[in-house]
Each structure stands twice: as C-alpha cells, then as structure tokens.
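*Asks:* Sending over a structure as structure tokens; questions will come in a sec.
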Amino acid sequence: MVKVNIDRDRCYGLGQCVLAAPDVFDQDDDGIVWLLVEEARPEQHDEVRQAALACPRQAIGVAD
Amino acid sequence: MSSHSAAAPDPETATPLHTLAPELAFPQFERSAPFDPPQAYTELSGRCPVAPVSMADGKPSWLITSFEGVRTTLSDPHFSSDMSHPGFPNRTGKPVDDLLKDTLGAMDGERHRYYRRMLTGELTVRRAKAMRPVITQITDEALDQLAAAGPGADLVKHVAFVVPSRVACHLVGIPLSDYELFTGMAATLMDSTSSDDQFAALQNMVSYFDTLVTDREHHDRDDLLGHMVRRYLATGELTRDMLIRLAWTTMAAGQETTAHMIGLGVAALLRHPDQLELLRREPHLLPGAVDELMRYLPLIQFGIPRVAMDDVEVDGQTVTAGEGVVALPPLANRDPAVFERPDELDVRRNARQHLTFGYGPHQCPAHALARLELEVVYGRLLERFPTLRLADSDADLKVQDKDIMYRVSELAVTW
Ligand code: SF4
C-alpha cells in the first residue's frame, strides 16, 4: 500500500492526475483535485507514481 | 533528464544574450519531410538546446528546444506571459494586437488562477467523458457527409473542420441553428487580413455572446455559459465583459487546434500504413495513439513566448531578467533524452508526457476534451471506412506551412 497526499492549494485543475490514475483521483466542480482513495492498491502504484510525475504543480505526494 | 547538460555553459560565466551572435532568424519554415519540424530547428536542437535567435523586431531571444528547457520555461513562475512587456518576444514585428491583450493566455499568477479556475471546472476529465455520446453523434453525422460526398472527398472540409466546432458549440451553448452564423464570425475573426474587418467581427462576436448571456440570465441552461452566468456573473465574481471574453477565447482556442490535429493525424496514419493496420487490429491502442500523434506531429509553428522577470536557469543556460524566450514543443517532443527513437511514429509508445498541450499553469484547459474528440474521430473513421486510403498516394500532401498551426489544407481520401 502507498499513501497518497494532495495539496489542493497548489493544484491548478489540469487533470493530468485523473487521466493517469482515474480510480485514485477526481476533480471537484472547480476542477481542483480530490482523492477517491487515500491508499492506493498495489496494482495502482504505477499509475499513482505516473500521476505524481505528470502533475506540473507537484501537488501530489506519494509515500510508501 | 537532459542529455545536453554536459555541454551546458556555467551559469556563473554565462554571456549576456545581447553580445551573442544569433544562431538563426525566427521563425524558420523549410522542412525535409512533411511530418518533421523545420530542418534548421532540428539541426540546432542537438547542438544548442537553448540558443540565441533574432526575432522579427530585431531583438534577440532564446529559442528553447529541449524537453527539460521547455518544461522549465512553461512552469517556472519567473517567466511571464505579459505580452505588453518590452522584452516579450515579438514574432511579427508589429505592435501586439489588442484582441489578445488581457485574455487568459496573457495573464500571470493569481489573476490568471482566479479566472482560469472558472473554466477548469467546466472542462474536467469527468465532464469530457460525459460528452462522449454527443461527440460520437456529431462525428457520425460528419462521416455521413463524407460518405455522401463519395470517394475522393476532402476529409478536412467534411470532418476535421466540422466536428471540433460543433462540439465547442455544444459545450458552450451555441444553438445548432446559429452554427453557420457563428463559424462565419469566427472565421473572419481568425483569418482576416484587414484589421478593420477583424474589429467588426469582434464587435459582432461580442454582441452575439451578449444575447446568449442575457438568455442565460432568464433561463437555466445546462451548458458552459449557463453555468458561468449562474456561478460567477450572478455572484459578481465575473464582469459581463470578462465572461464574454473567456467564452469566445475558449471557443476559438479549441476549434482550430483540434481540427488541424484531425487532418494532420489522419494524413500521418495513412502515410504510415503499418501503424494504421495496428490500430485497426488493436483499437485499445487508440487513446495512446492520440498522444503519440500529438507528440509526433509538429503542429505548433511559432512556439510559446515568455519573458524572464528574473534571472532563470534553463537547461544549463542563464536567461537574464528582461530577456525573451520562445519554447518550441515540437522539438521538445523529439528530445532523444526523453523519447526513444523520437523521429518514429509508434502508436504503442507511452507518449503521455508530450508538450503539445503546453505545460504548467497555461497548459490547455481542455486537453481531456481534445483527447477524447481525437480518439472518437480516429476510431469511428477507421471502423466506418475499413479501406480508407489517400485518393492519390503519390501526390505531395497539401499543407499550409506558414500559419500559426502547421496543417493539411486538404486531404482527399477514398475507400
Ligand atoms: S495534475 Fe496536478 S494540477 Fe492537475 S488536477 Fe491533478 S493535482 Fe491538480
């Protein structure tokens, strides 16, 4: 399991995270990221790391 | 990440830009192959990924061609999008068009963030996905027109130009009955060579949107304009002027780019039959193919300009405060440090991180919608016309290669 953190203040609503890991991230009505789950299942780890890399605002943290 | 850092100059001893001889005049157009960026850039990019160039107004700027350099330029807050700044790169040598001042693309920082959030809520990945049935219907109607026109028909005219503008009309809330009126105004606004015509077209556009906004003030409508009127105009967060400006610039930004990606993308697939065949056999590759085509095709001709508000290091080169830079995504998308065999079209590749949508705060807010549109159009086209090919496979592609977007101007197909 890895823990996922988001920093909604940094988020610019670009949705890269949602494209990379649609079962982990979503966006609210302002487009700002929110988490669907707080801990990613093993099969989601790759996607979550991709999402953290893809976010241009470094708004996503991943901790093992 | 960059393979160029070994050759990078020491920032401490960096030479100021104005004392360097420019490597090139910007822009360059000469290409050796229809799907490759201009040769002069490709040659320069391997040798000097952050290079001094001279702009049309005679002022020097830096041309940024590495992946890492383009990402820094587009995401470092020390670079500004303010076109009225004297150091801002000026491609045409003419004063900045008033039409473009104070639009989202020219704003910085908190002000940009304030207005931008009002659009991102309308363009989330979820909203885009919810539009799949509408996009499919619009696409199928366009493909009916193509079929009706018979073999030899122009895909650009019947499909590429139709689908994105009809999708944008649906999203924003322009009634189907006004479609032709609207696209006529938009075309004059974009293409006109006379600034008088352009000004008149803008006036028409503004008063047309004003009528739509008034309608939303009296009726609840489930479209972008309706939502923005209720959420931001009614609460005073947005003035009527700014609402109208956000709405028409969104429409304008979304249509042409997607249209050109349809035309150029289909042309590239038809010229790479092995890749086309692969997509036909394995349609699950489509979403990835969309990103790969966006990476591979050099759509953006004039790059993305910025001006440095402070000294910033870009891929090993110091850009001094006040200097202009032009980031070139098509070259960054071919950076061998990031993409293996970058000059090959390979629909199996993971090309998600391409920079054709830009990067950072100004990255295209509608990227999810654009990706979905392309996926539906390419997908339905291959399904519906399993023998699709170029009407004349030996002829040169008809391209428009001096405009803001590189594109095919006509694509005659047969089946
Ligand atoms: S990619 Fe980053 S900026 Fe974009 S929505 Fe996700 S967290 Fe926000």
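*Asks:* Going 7 Å from the Cα of A:Asp64 toward and past its Cβ, which residues in the range A:4-48 have a backbone nitrogen under 20 Å from where you end up?
*Replies:* Counting backbone N atoms under 20 Å from the label point, the list is A:4-6, A:38-48.
*Asks:* What span do the alpha-carbon atoms of the range A:2-63 cover on each of the three principal axes, reported in whole Å from largest to smallest?
*Replies:* 29, 19, 16
*Asks:* For a quick size check, give me the Cα extents of the range B:40-124 along its three principal axes, largest first, whole Å.
*Replies:* Result, largest extent first: 42, 30, 21 Å.
*Asks:* Any idea of B:Thr188's accessible area? Nearest 10 Å², probe 1.4 Å.
*Replies:* 60
*Asks:* Okay, moving on. Treating only the Cβ atoms of Lys and Arg (+1) and Asp and Glu (-1) as charged, compute the dipole magnitude of the range B:208-314 about its Cα centre; round to the nearest 20 debye.
*Replies:* 260
*Asks:* Another question, if that's okay. Working out 0.36 nm times the residue gap between B:Arg132 and B:His284, then minus their Cα-Cα distance, what length gain in nm do you get to one decimal?
*Replies:* Stretched fully, the B:Arg132-B:His284 segment lengthens by 53.1 nm.
*Asks:* According to the Cα gyration tensor, what semi-axes, each the square root of 5 times an eigenvalue, does the equivalent ellipsoid of the protein assembly as shown have, listed from largest to smallest in whole Å?
*Replies:* 31, 28, 26
*Asks:* Something else about it: Give me the Å³ per residue figure for the convex hull around the C-alpha atoms of the range B:116-275. Please report the intermediate quantities before stating the final value.
*Replies:* Details: hull volume 22.9 nm³, N = 160.
That works out to 143 Å³ per residue.
*Asks:* So what's the angle, to the nearest 10 degrees on a 0 to 90 scale, between helix A:45-54 and the longest Cα principal axis of chain A?
*Replies:* Helix A:45-54 sits at roughly 30 degrees to that axis.
*Asks:* Just name one of B:Ala33, B:Gln203, A:Gln50: the one whose Cα is farthest towards the positive end of the charge dipole of the protein assembly as shown (beta-carbon charges, Lys/Arg +1, Asp/Glu -1).
*Replies:* Among B:Ala33, B:Gln203, A:Gln50, the one farthest towards the positive end of the dipole of the protein assembly as shown is A:Gln50.
*Asks:* In a solvent-free Debye calculation with one equal scatterer on each Cα, what is log10 I(q)/I(0) for the range B:319-395 at q = 0.20, 0.27 Å⁻¹, listed in the order of the q values?
*Replies:* Evaluating at q = 0.20, 0.27 Å⁻¹ gives log10 I(q)/I(0) of -1.12, -1.22.
*Asks:* Would you calculate a helix-derived [θ] at 222 nm for chain B, using -39,500 (n - 2.57) for each DSSP H run of n ≥ 4 and dividing by the full residue count, to the nearest 500? Each step should come with its number before you reach the end.
*Replies:* Values: 14 runs with 180 residues, N = 415.
Result for chain B, helices only: -13500 deg cm²/dmol.
*Asks:* Same structure, new question: In the range A:1-47, what residues drop by 40 Å² or more of accessible area when the other protein chains are put back, versus the chain on its own? Use 1.4 Å, and skip ligands and nucleic acids.
*Replies:* Residues losing area: A:Tyr12, A:Leu14, A:Gln16, A:Leu19, A:Gln27, A:Asp29, A:Asp30.
*Asks:* Over the Cα atoms of the range B:51-90, compute the convex hull volume and normalise it per residue, giving Å³.
*Replies:* Convex hull of Cα atoms, per residue: 69 Å³.
*Asks:* May I have the extent of the alpha carbons of chain B along their three principal axes, as whole Å values ordered from largest to smallest?
*Replies:* 62, 55, 39
*Asks:* Among the lysines, which fall within straight-line cross-link reach of B:Lys157, defined as a Cα-Cα distance under 24 Å, with same-chain neighbours fewer than 8 residues apart omitted?
*Replies:* Within reach: B:Lys398, B:Lys402.
*Asks:* Which of rounded, prolate or oblate describes the range B:242-359 when judged by the alpha-carbon gyration tensor and an a/c cut-off of 1.5?
*Replies:* Since a/c reaches 1.5 but b/c is at least a/b, the shape of the range B:242-359 is classed as oblate.
*Asks:* Can you work out the accessible area per residue across the range A:2-63, with the rest of the protein chains kept in place, probe 1.4 Å, in square angstrom?
*Replies:* Numbers: 2920 Å² over 62 residues.
For the range A:2-63, the per-residue accessible area is 47 Å².
*Asks:* Given an 8 Å cut-off on Cα distances and at least 6 residues of separation, report the relative contact order of the range A:2-63 as a percent. Can you show the working numbers first?
*Replies:* Working: 113 pairs, mean separation 28.2, N = 62.
Relative contact order, the range A:2-63: 46 percent.
*Asks:* Mean projection of the alpha-carbon convex hull of the range B:100-149 over all orientations, in nm²?
*Replies:* It is 5.4 nm².
*Asks:* What figure in square angstrom, to the nearest 10, would you give for the accessible area of B:Leu278 with a 1.4 Å probe?
*Replies:* Estimated to the nearest 10 Å², B:Leu278 gives 20 Å².
*Asks:* Need one value: the accessible area of B:Glu30 in square angstrom, 1.4 angstrom probe, rounded to the nearest 10.
*Replies:* Taking all protein chains as shown, B:Glu30 has close to 140 Å².
*Asks:* Another question, then. Quick one: Debye curve from the C-alpha atoms of the range B:64-198, no solvent, what's log10 I(q)/I(0) at q = 0.10 Å⁻¹?
*Replies:* For the range B:64-198 at q = 0.10 Å⁻¹, log10 I(q)/I(0) is -0.55.
*Asks:* Probe of 1.4 angstrom, ligands and nucleic acids ignored: what's the accessible area per residue over chain B, in square angstrom?
*Replies:* 43
*Asks:* Let me have the relative contact order for the range B:34-160, percent, based on Cα pairs under 8 Å that are six or more residues apart.
*Replies:* Reported as a whole number, the value is 14 percent.
*Asks:* Now for a separate question. For B:Leu24, which sequence-distant residues (separation of 5 or more, or a different chain) have an amide H within less than 5 Å of its own amide H, given hydrogens modelled in the peptide plane?
*Replies:* Amide H neighbours of B:Leu24, under 5 Å, 5+ apart: B:Ser54.
*Asks:* Rounded to the nearest percent, how much of the accessible area of chain A (1.4 Å probe, protein heavy atoms only) is carbon and sulfur?
*Replies:* Of the solvent-accessible surface of chain A, carbon and sulfur hold 46 percent.
*Asks:* Accessible area lost on pairing A with B, both sides, 1.4 Å probe, Å² to nearest 100? Please list the in-between numbers first.
*Replies:* Working: alone 4120 and 18680 Å², together 20980 Å².
Chains A and B together bury roughly 1800 Å² of accessible area.
*Asks:* In addition: What's the FRET efficiency of B:Lys402 with B:His218 using the Cβ-Cβ distance as r and R₀ = 60 Å, to the nearest 0.05?
*Replies:* About 0.85, to the nearest 0.05.
*Asks:* While we're looking at this one, here's another question. Counting only protein heavy atoms, what percent of the accessible surface of chain B is carbon or sulfur at a 1.4 Å probe?
*Replies:* Taking all protein chains in place, chain B shows 52 percent carbon and sulfur surface.
The values are calculated or read from the model by the stated rules, or taken from the named source; none is laboratory data. Worth saying up front: this structure is predicted, and the values here are computed from it rather than measured. Counting neighbours? That spans all protein chains shown, and the Cβs are built from the backbone with ideal geometry, glycine included. Keep in mind that these areas ignore ligands, DNA and RNA; they rest on the heavy atoms of the full protein, side chains included. Shrake-Rupley method; radii C 1.70, N 1.55, O 1.52, S 1.80 Å.
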